[in-house]
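Working notes, structure below.
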Amino acid sequence: MTQKLGLEEALDIAMEAELKARAFYAQAAVEVQDPRGRDLLSRLAAFEQYHYEKLSELADSLQGTGEFIDYEARTMAQFAPLAAAGEASATSVEELSGEAAILTKAIENEKIAGERYKALAEETADPKGQAMFRQLAEDERMHERILEDEFFSLSNEGVWGWSGLYGE
């Protein structure tokens, strides 16, 4: 996929996907009534914003000096909840019926993003680039696990289980 596109095009696609993910989570946070659910979803929006910023920084560096950047791994607890900005995402939250559907779509999106970053890591020869893309893939996998835990909690207990301390 990315070799056919080239790294620059792959980064453009990844940055656009991160913006859509941020918008989806911010919009979902507004729709969810439970404060723990709102907190989780708005922290995920902030995390996706961080991904976008780092990918943008990488694109600028590659264009300028041709070098990959260092990527600092973060935990969910390091992000303050991001307030909704009213932008639209690829899938409107209104199109989804309820919290379980929101979580299902979010899990699917995280899986796709993780696979995209794994592929980029495999196709990148630069060790810093490989490390960055592997960490991005791991971030998305962490998001996926958190969302799966929330889906389980909602499905089996009827409540959001998020405590805000995941990843500490």
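The values are calculated or read from the model by the stated rules, or taken from the named source; none is laboratory data. Given the structure is predicted, the values throughout are model-derived calculations rather than measurements. Don't worry about glycine lacking a Cβ; one is built from the backbone with ideal geometry, like all the others, and counts go over all protein chains shown.
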(message) Would you confirm, using the coordinates I've provided, whether Ala101 is surrounded by fewer than 19 Cβ atoms within 10 Å (Cβ to Cβ) and out of contact with any Ser or Thr (no Cβ under 9 Å at 6 or more places or on another chain)?
(response) yes
(message) Checking the structure you have, find out if any residue of the stretch 158-165 is part of a helix (DSSP H, G or I) and either of a type in the set (A, V, I, L, M) or closer than 17 Å to Val32 by Cβ (or both).
(response) no
(message) Quick check on the stretch 126-147. Is at least one of its residues surrounded by fewer than 22 Cβ atoms within 10 Å (Cβ to Cβ), at pLDDT below 95 and part of a loop (DSSP other than H, G, I, E, B)?
(response) yes
(request) Inspect all residues belonging to the stretch 98-108 and state whether any of them is at pLDDT below 90 and either out of contact with any Asp or Glu (no Cβ under 6 Å at 6 or more places or on another chain) or of a type in the set (Gly, Ala, Ser) (or both). (result) yes
(request) Check every one of the helices (runs of 4 or more DSSP H) wholly within the stretch 1-74 and list those with 3 or more residues that are on the phi > 0 side of the Ramachandran plot, in contact with a strand residue (DSSP E or B) (Cβ under 6 Å, 6 or more places away or on another chain) and of a type in the set (Phe, Trp, Tyr). (result) none
